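Chemist: I have a structure I would like to understand better, so I am pasting it below and will then ask my questions one at a time.
The values are calculated or read from the model by the stated rules, or taken from the named source; none is laboratory data. Predicted model only: the values in this text are computed from it and were never measured. Using ideal geometry, Cβ is built from the backbone for each residue, glycine included, and neighbour counts are taken over all protein chains shown.
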Amino acid sequence: MAKTTAAQPAAAQPEAAEPAVAPPGAAPHAGDAAGETAYRAVVARSLRGFTGAGYEKGRPLLVQAAWFAALHLLFVKWWFPARWRPVLLRAFGARVGERVLIRRGVRVHWPWKLDIGDDVWIGEDAWILNLEPVTIGQDCCVSQSALLCTGSHLRRSATFEFDNGPIRLEPGCWVAARAVVLRGVTVGRDAVVGAGAVAHRDLAPGSVLTASGTPGAAPAVSAKGVTA
C-alpha cells in the first residue's frame with residue numbers, strides 16, 4: 001500500500017491510498033486498527049486424502065465390533081437394567097467406580113478409554129465420544145443429551161486430519177442438559193457447564209459457564225444450603 005512521506009514540498013499532494021486487493025484463493029479477515037483488510041490463504045479441502053494420522057483405536061477390530069454390537073443391542077436399550085451397564089463397560093475395559101448410575105440411551109464410543117469415579121450420574125442420551133481418554137471424577141453429573149467430544153480436525157489441514165484431545169471432569173462438576181465439552185478441556189472441581197453451553201477451554205474450579213458463553217463464579221451457599 002502506498003504511503004505519504006513525512007515531509008513534502010508545499011505543492012505536492014499525498015498519493016491516494018490503493019485499495020487492498022485479494023490474491024487468488026484468499027479470504028478476508030479482520031484488519032488492523034486503521035480498518036485495512038488483510039487476507040489469509042484458503043486451504044483447498046481434499047477429504048479423499050484423509051489418513052487419520054495420530055488416532056489409535058486401542059483394540060483389535062474384533063473387539064471393536066463386539067462392543068458396537070453390545071452397545072446397540074443391549075447398552076442403550078430402555079429395558080437393559082441400569083445396574084448392568086457399569087458391568088458391561090468394565091467387561092470391555094472401562095474403569096467404573098461404585099454406585100454409578102447410567103440411564104438409557106447413553107452412548108460410549110470406546111469403553112477402554114473411559115474412567116468413571118464413584119457416585120457418578122449420566123443422564124439419558126448423553127454421548128461420550130471418546131476417541132481419546134475421558135475421565136469423569138467422583139460425584140459428577142452429566143445430564144441428558146450432553147456431549148463429551150474428544151474429536152476434532154485441523155481446519156488448515158488440506159486433508160482435514162484429526163486434532164483430538166482428552167477430556168477431564170474434576171470431582172463434583174456438572175455438565176448440564178445439552179451442554180458440550182470439547183476436546184482437550186478440563187472442567188474444574190465443582191464447576192458447571194450450563195444447559196446448552198459449549199466449553200471450548202478449561203473451566204476454573206467452582207466456575208459456571210452459561211449458554212451465552214459467559215463464565216462466572218458459582219453463587220455462594222449459606223450454612224443452611226440456601227443460595228446467598
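Chemist: Does segment 97-106 include one or more residues that are modelled with pLDDT of 95 or more and in contact with a Ser or Thr (Cβ under 9 Å, 6 or more places away or on another chain)?
Modeler: Looking for residues that are modelled with pLDDT of 95 or more and in contact with a Ser or Thr (Cβ under 9 Å, 6 or more places away or on another chain), one finds at least one in segment 97-106, hence yes.
Chemist: Which of (1) within 15 Å of residue 97 (Cβ to Cβ); (2) crowded, with 19+ Cβ neighbours inside 10 Å does residue 138 not meet, given it meets every other one?
Modeler: (2)
Chemist: Hey, does segment 52-62 have a residue that's crowded, with 16+ Cβ neighbours inside 10 Å, part of a loop (DSSP other than H, G, I, E, B), charged (D, E, K, R) and touching a helix residue (DSSP H, G or I) at 6+ places or on another chain (Cβ under 8 Å)?
Modeler: Checked segment 52-62: at least one residue is crowded, with 16+ Cβ neighbours inside 10 Å, part of a loop (DSSP other than H, G, I, E, B), charged (D, E, K, R) and touching a helix residue (DSSP H, G or I) at 6+ places or on another chain (Cβ under 8 Å).
Chemist: Taking residue 112 as meeting all but one of (1) of a type outside the set (Gly, Ala, Ser); (2) in contact with a Gly (Cβ under 9 Å, 6 or more places away or on another chain); (3) assigned to a loop (DSSP other than H, G, I, E, B), write down the number of the exception.
Modeler: Looking at each condition in turn, residue 112 falls short on (3).
Chemist: Let me ask another. List every residue pair whose Cβ atoms sit under 6 Å apart, with the two residues 6 or more apart in sequence or on different chains, where the first one lies in segment 34-51 and is of a type in the set (A, V, I, L, M) and the second, anywhere, is surrounded by 12 or more Cβ atoms within 10 Å (Cβ to Cβ) and at pLDDT below 75.
Modeler: So the pair list comes out as 38/31; 41/26.
Chemist: Of the residues 118, 163, only one is in contact with a Ser or Thr (Cβ under 8 Å, 6 or more places away or on another chain), free of Cβ contacts under 8 Å to residues at least 60 places away in the same chain, over 17 Å from residue 71 (Cα atoms) and among the charged types (D, E, K, R); which?
Modeler: 163
Chemist: Any idea which of 195, 217, 228, 223 is surrounded by fewer than 18 Cβ atoms within 10 Å (Cβ to Cβ), at pLDDT 70 or above and either β-branched (Val, Ile, Thr) or over 18 Å from residue 135 (Cβ atoms) (or both)?
Modeler: 195
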